[in-house]
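A.B. asks: This is the structure I want to talk about, given as structure tokens.
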Amino acid sequence: IIEIGAVLLDESLNIVDNFKSYVAPQYGHINNRVFQLTKISFQDVAGAPCFKDAIEKFLAWMPEDATLVSWSENDEIQVKYELENKNFVIPQLDRFFGNWLDCQKTFAEKMNTNKNYNLTEALRLTGIDYEDGAHDALVDARNTALLFAKMEREPELQLSHYYTEKPSEHLTFNPFADLFAKLEFAV
């Protein structure tokens, strides 16, 4: 983990605060693949807190009654992995394990499919005006919160008018096909 990003939602599911911290790697370095994916460099994390300190700051920022929601189960898995492999014990985290909400799974259930959509696909399918910047922890947190709020507000999730189902029943998102189908061409 080299970055932690989170947003806080109020009772009306509006974003009211955010948290962001880079995390200095305890072992290894940021390789080119990770840099290309996240745009986080060694210089970005050079003065950052270690994982344990960053998580403790995050927990201090978060309200006692908060529920953690992330795009997939990977965040919970990675946090557990880091704790185990670095021999850290942070008792305040224990209450979240097993109760962490997986927004990707919830979205698939609402779509009535087993497909694992990526966050950008889900945002596009639901017509949410999202912030570009996948793999930036705070951007991903904001975008996940927008989708989570929409799913909570709309039990029958409203999809973008660009959404189509092909006769094969495979779900697709094809905005250009829909646009061209509605255009009349003059010759």
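The values are calculated or read from the model by the stated rules, or taken from the named source; none is laboratory data. Quantities reported herein were computed from a predicted structural model and do not represent experimental measurements. Don't worry about glycine lacking a Cβ; one is built from the backbone with ideal geometry, like all the others, and counts go over all protein chains shown. Accessible surface areas use protein heavy atoms only, side chains included; no ligands, DNA or RNA. Shrake-Rupley method; radii C 1.70, N 1.55, O 1.52, S 1.80 Å.
A.B. asks: Kindly evaluate residue 40 against the criterion of being open to solvent by less than 70 Å² (accessible area, probe 1.4 Å), in a loop (DSSP other than H, G, I, E, B) and β-branched (Val, Ile, Thr).
C.D. replies: Here the answer is yes, as residue 40 does meet what is asked.
A.B. asks: Just to check your reading of the model, which residue among 102, 75, 53, 10 is without any contact (Cβ under 8 Å) to a residue 40 or more places away in the chain, surrounded by 13 or more Cβ atoms within 10 Å (Cβ to Cβ), within 26 Å of residue 158 (Cα to Cα) and of a type outside the set (Gly, Ala, Ser)?
C.D. replies: Matching residue, one of 102, 75, 53, 10: 102.
A.B. asks: Continuing with the same structure: Would you please list the contacts, defined by Cβ atoms under 6 Å and residues six or more apart or on different chains, that run from a residue in region 120-142 that is without any contact (Cβ under 8 Å) to a residue 12 or more places away in the chain to a residue that is surrounded by fewer than 20 Cβ atoms within 10 Å (Cβ to Cβ)?
C.D. replies: Pairs that qualify, where the first residue is without any contact (Cβ under 8 Å) to a residue 12 or more places away in the chain and the partner is surrounded by fewer than 20 Cβ atoms within 10 Å (Cβ to Cβ), are 133/139.
A.B. asks: If a residue has to be under 21 Å from the mean Cα position of the chain (by Cα) and not in a helix (DSSP H, G or I) to count, how many in region 44-64 make the cut?
C.D. replies: Total meeting the criteria: 2.
A.B. asks: For region 87-131, list the helices (runs of 4 or more DSSP H) that sit wholly inside it and hold at least 3 residues that are out of contact with any Phe, Trp or Tyr (no Cβ under 6 Å at 6 or more places or on another chain); which are they?
C.D. replies: 91-94, 103-110
A.B. asks: All but one of (1) open to solvent by 40 Å² or more (accessible area, probe 1.4 Å); (2) in contact (Cβ under 8 Å) with a residue 24 or more places away in the chain; (3) not in a loop (DSSP other than H, G, I, E, B) hold for residue 158, so report the exception by its number.
C.D. replies: (3)
A.B. asks: I would also like to ask the following. Residue under question is residue 93, and the condition is that it be at pLDDT below 90 and over 12 Å from the mean Cα position of the chain (by Cα); does it hold?
C.D. replies: no
A.B. asks: Using the structure shown, decide if residue 46 is exposed (fewer than 11 other Cβ atoms within 10 Å of the Cβ) and at pLDDT 95 or above.
C.D. replies: Numbers: exposed (fewer than 11 other Cβ atoms within 10 Å of the Cβ): yes; at pLDDT 95 or above: no.
Judged against the criteria, residue 46 is not a match.
A.B. asks: Can you name the residue in region 117-141 that is modelled with pLDDT under 90 and not aliphatic (A, V, I, L, M) and is also most open to solvent (accessible area, probe 1.4 Å) among such residues?
C.D. replies: Step by step, filter region 117-141, then rank; the result is 132.
A.B. asks: Related question: Hey, any hits in region 38-49 for a residue that's without any contact (Cβ under 8 Å) to a residue 12 or more places away in the chain and aromatic (Phe, Trp, Tyr)?
C.D. replies: Of region 38-49, the ones without any contact (Cβ under 8 Å) to a residue 12 or more places away in the chain are 41, 43.
Checking the rest, the ones that are also aromatic (Phe, Trp, Tyr) come to none.
Among the residues of region 38-49, not one is without any contact (Cβ under 8 Å) to a residue 12 or more places away in the chain and aromatic (Phe, Trp, Tyr), which makes the answer no.
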